Amino acid sequence: MEHEHNLIEIFSGTEIQVLALKYELEEAGIEYMVRNDQAAGNLVGIGSIQAGVRILIEEKNMEKVTPILEDFKRRNKF
């Protein structure tokens with residue numbers, strides 16, 4: 001059985017910002033994936049201060065995530 005997951009990036013920021021948004025997604029029962037380009041680069045010795053931390057979700061959850069993300073950005077002045 002094949003599973004197709006269309007992941008889309010909903011947020012990119014610092015690790016602290018991502019931790020705050022992750023908490024809100026967990027409270028709403030929304031599954032997500034975190035992609036930490038800085039940490040990955042550091043593991044192989046090519047880390048960059050410009051690399052960000054990203055949150056990805058399945059596209060099918062976008063309708064549920066939109067109000068959470070808009071409120072998060074409004075409260076945090078993004």
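Can you put Tyr32, Tyr23 in order, fewest other beta carbons within 10 Å first?
Tyr23, Tyr32
Using modelled backbone amide H atoms (1.01 Å from N, in-plane), which distant-in-sequence or interchain residues come within less than 5 Å of Gly52's amide H?
Asp37, Gln38
Read the figures in this text as sums done on the coordinates, not as results from a lab. On a predicted model such as this, the values are computed, not experimentally measured, just so you know. Using ideal geometry, Cβ is built from the backbone for each residue, glycine included, and neighbour counts are taken over all protein chains shown.
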